[in-house]
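S.K.: I'd like to ask some things about the structure below.
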Amino acid sequence: MSARAASRVPVPSRTRLDATMAFDAPVSQVRQVSPARAEALRKRGVQTVRDLVCHFPRRYIDLSSVLPAAHARIGDACTVRGTVHEVRLKRPRPRMSLVEVSVVDDSGVLMITCFGQPWLADQLSAGMRVAVAGTVEFSYGFKRMTNPFIEVIDDEADALGGMIVPVHPATERITTAWMRRLVRNALDHVEGCLDPLPLSLRLRHGLMSRGAALRAIHFPSSMTEAARARRRLAYEELLLLQLELMTRDEGRLVDAACAHAVDGARARSFVDALPFALTDEQRAACAQIDESMASPRPAHHMLLGDVGTGKTVVAGRSLASVADTGTQGALMAPTELLARQHAASLGPLFDQAGVIWGVLTGSTPADERALLLERVAAGVVDVLIGTHALLEPDVRFRSLTLAVIDEQQRFGVHQRAALVQKGACPDVLLLTATPIPRTLALALYGNMTLSYLRARPAGLQRRETRVLTRQTRGVAYDAARAALARGERVYVVCPLVGAAAAEKRAERAGKGPRQGDAPDEEERAFPEVAIDSEDDLREVEVASAKREAAFLQQKVFCDHAVELVHGRMAAAAKQEAMERFRTGRTQVLVATTVIEVGVDVPEATVMIVEDADRFGLAQLHQLRGRVGRGGRESWAFLVSSSRSEAALARLAAMEGSDDGFELAAFDLSLRREGDILGNRQHGASVLRLVNVVRDAALIEAAHADARALVDADPQLQGPEARVLAREMRLAFAAAEREGEGR
């Protein structure tokens, strides 16, 4: 919700407000929160009592599974309670420390080894009662746990409060045990406060009251009760987010919105000019977007399309409708490469349809730019294609009524808003090639209408993906040479070598070298490079790519032209290199992930991704989408020697599926939704307890309930809606504070 719209949301009456004041009190009012602890909490983003009671446990220790040390079986995860017998701090080699603790009970002894945590030697001492939870191993003649969870038990009845022990995220100067005490005190502080959820919704979905849910999620009597509490609070998170999304544009100038002509001569001519027929999904998407654009209310539509499904064509037809209406449209892309790609593909179609268009990027010559901006301001140009250059203050439209933002997740919230503000109240069409499952789309974009493109156009040949090791990468080279002999093109994507080396050096700086370690391949390649900044990292990656290009030219593709493209190149040089590859003067393109989007070379049929385990699923799928765009059989070879189970699972998923939405659903089962999108979307940070895979039904229910509430009371002025409106505003303020504290 914009600040202006939020300020118009009515505040509950004084009586109701008093009932919730305890939640909004400074955290310093909570018992045992000293000034020093208040400062430590503030650094974590915890400033109010509300922030503290929403500082949820990251996991639980089930003390009902406590075993005597003698009965703890090797390989099992369990909890052992006992007394600290001895604590030793050891430094077996430079930059490496470990704390060894012996814990005894009536049945025997359990050794605890904690690496990289020297402060434990000061926190633990002989005679302390502790509970330790972890996986039991056997080494050096003892049962032991490595880096387990350790809980000091000062007073078992008070400190643990039951058989389920919550593990809250700790902060500087505040241990998990102290955090648990402070949360308990905060819950006492807000006892009896008003529940923002209407009773009708709680009864409909069988939800606990807020007070009961907060106490149960922090101090559950069983894991079943913890799950019920999480469900109640997750529903509240979702409902507030959906309300925020649906009322965000309440302040927009609806009277200034444009009802577009969606079946005019230019739109029909654009479709007739296509060298292929639209797919059923493309026609359905066009119809859905037409319905939104023809409405007198401002449209907010998202087109989610898998790689190669033709999102740009659908967007182009919508822009042609703007010309039929006599107004203007803008298409903003995240890179100059992609903007010029759109100009090359849509420009000829616009020409045939009678749509006047232009392209504006950061490298547009000054005299050409001045003339173009003059024509845009006069309304002569119907469609302006460009990059962030469209956001410059001197770019003025006579009548912007449609803003199309491609790869929208690569723009910030304020950048997207800046383009929209170029018009009085334009329709907004967002495009993304990042496949987002419906539940995640509803959770993050509940205020939008959605269209999906899943099927690639008919006539495209199959695209096969194979996972290879470094030892078997010759298979990929053979396939690439065969493709080059047929006049086709080859991509080779370089790994993030600098990132890997930096991570390993950072790890070793904190933990010291492992026994028997030798310098790995990356460190041998760059033994003297100090990576202290992002610029240093990019320099290392460019150096790696240059080495790869030289190796391929000299040893693998000796009879063909090999060229390098990377993100440090000037835009003009990058564009010239891509043009040489597109026209065939260069046959092999060695690149960093600069080619992830915006490259359309139908003759490219082979891609080799080195060290593919260092890329996420979404990025790998985007990269793979650069081949198989013509009518020829294509291959993507993913080279990796990783032994990581998670990395191997991702690569196996890539090998087994070419469906981006299927891969995104799999990725969601492994990672947070913010990781899938690349950036946490505005509002996503309030979803602390929601899992978009597990909570699909809850997301659908919250979306439907929010829609019904807004339809019945658009201004959220009714007694129950006013309480929800206030909670919505405070929830987003709390999420922003927590984000700033991280």
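S.K.: Report, ordered by the first and then the second residue, all pairs with beta carbons closer than 7 Å, sequence separation of six or more or different chains, a first member in segment 295-311 that is open to solvent by 10 Å² or more (accessible area, probe 1.4 Å), and a second member that is of a type in the set (Lys, Arg) and part of a loop (DSSP other than H, G, I, E, B).
M.R.: Within 7 Å, the pairs are PRO298/ARG252; GLY308/ARG456; GLY308/ARG629.
S.K.: Quick one: how many residues across segment 627-664 are outside any helix (DSSP H, G or I) and either in contact (Cβ under 8 Å) with a residue 12 or more places away in the chain or open to solvent by 20 Å² or more (accessible area, probe 1.4 Å) (or both)?
M.R.: Qualifying residue count for the region: 20.
So that you can scan it fast, the table gives a plain yes or no per residue for (1) open to solvent by less than 80 Å² (accessible area, probe 1.4 Å); (2) farther than 29 Å from VAL627 by Cα; (3) modelled with pLDDT under 60:
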| position | (1), (2), (3) |
| --- | --- |
| ARG462 | no, no, no |
| TYR477 | yes, no, no |
| ALA485 | no, no, no |
| LEU496 | yes, no, yes |
| ALA499 | yes, no, yes |
| ALA506 | yes, yes, yes |
| LYS511 | no, yes, yes |
| ALA545 | yes, no, no |
| GLN553 | yes, no, no |
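S.K.: If you scan segment 349-376, which residues turn out to be more than 12 Å from LEU319 (Cβ to Cβ), part of a helix (DSSP H, G or I) and either open to solvent by less than 50 Å² (accessible area, probe 1.4 Å) or touching a residue at least 24 places away in the same chain (Cβ under 8 Å) (or both)?
M.R.: GLN352, LEU372, LEU373, VAL376, listed by residue number.
S.K.: Could you tell me which of the residues LEU120, LEU98, LEU124 is open to solvent by less than 70 Å² (accessible area, probe 1.4 Å), free of Cβ contacts under 8 Å to residues at least 24 places away in the same chain and hydrophobic (A, V, I, L, M, F, W, C)?
M.R.: Values: LEU120 fails: free of Cβ contacts under 8 Å to residues at least 24 places away in the same chain; LEU124 fails: free of Cβ contacts under 8 Å to residues at least 24 places away in the same chain.
One residue alone meets the criteria, LEU98.
S.K.: Can you confirm whether ALA344 is of a type in the set (A, V, I, L, M, F, W, C), buried (at least 22 other Cβ atoms within 10 Å of the Cβ), out of contact with any strand residue (DSSP E or B) (no Cβ under 6 Å at 6 or more places or on another chain) and at negative phi?
M.R.: Values: of a type in the set (A, V, I, L, M, F, W, C): yes; buried (at least 22 other Cβ atoms within 10 Å of the Cβ): no; out of contact with any strand residue (DSSP E or B) (no Cβ under 6 Å at 6 or more places or on another chain): yes; at negative phi: yes.
No; evaluated as a whole, the condition is false for this residue.
S.K.: Collect the residues in segment 704-723 that are in a helix (DSSP H, G or I), over 14 Å from LEU197 (Cα atoms) and open to solvent by less than 40 Å² (accessible area, probe 1.4 Å), keeping them in residue-number order.
M.R.: VAL710
S.K.: Then there's this: Name the residue, out of ALA591, ALA618, that is modelled with pLDDT under 80, closer than 20 Å to THR335 by Cα and surrounded by 23 or more Cβ atoms within 10 Å (Cβ to Cβ).
M.R.: ALA618
S.K.: If I filter segment 313-337 down to residues being within 32 Å of the chain's Cα centre (by Cα) and open to solvent by 10 Å² or more (accessible area, probe 1.4 Å), which single residue comes out as modelled with the lowest pLDDT?
M.R.: Restricting to residues being within 32 Å of the chain's Cα centre (by Cα) and open to solvent by 10 Å² or more (accessible area, probe 1.4 Å), the top hit is LEU337.
S.K.: Residues that are over 30 Å from SER657 (Cα atoms) and of a type in the set (Lys, Arg): which helices (runs of 4 or more DSSP H) entirely in segment 222-310 hold 1 or more of them?
M.R.: 223-247, 265-273
S.K.: Going through segment 189-215 one residue at a time, which ones are small (Gly, Ala, Ser) and buried (at least 22 other Cβ atoms within 10 Å of the Cβ)?
M.R.: ALA213, the sole residue that qualifies.
S.K.: Which condition number does LEU442 fail, the rest of (1) part of a strand (DSSP E or B); (2) touching a residue at least 60 places away in the same chain (Cβ under 8 Å) being met?
M.R.: (1)
S.K.: Taking the criterion of being surrounded by fewer than 16 Cβ atoms within 10 Å (Cβ to Cβ) and out of contact with any Phe, Trp or Tyr (no Cβ under 7 Å at 6 or more places or on another chain), would at least one residue in segment 42-52 satisfy it?
M.R.: yes
S.K.: Okay, moving on. How many residues does segment 377-387 hold that are open to solvent by 50 Å² or more (accessible area, probe 1.4 Å) and closer than 11 Å to ALA323 by Cα?
M.R.: Residues flagged as open to solvent by 50 Å² or more (accessible area, probe 1.4 Å) and closer than 11 Å to ALA323 by Cα within segment 377-387 amount to 1.
The values are calculated or read from the model by the stated rules, or taken from the named source; none is laboratory data. All figures in this text were calculated on a predicted structure; none of them were measured in a lab. Positions of Cβ are backbone-derived with ideal geometry, glycine not excepted, and every protein chain shown enters the neighbour counts. Quick note on the areas: whole protein, heavy atoms, side chains included, nothing else; ligands and nucleic acids left out. Shrake-Rupley method; radii C 1.70, N 1.55, O 1.52, S 1.80 Å.
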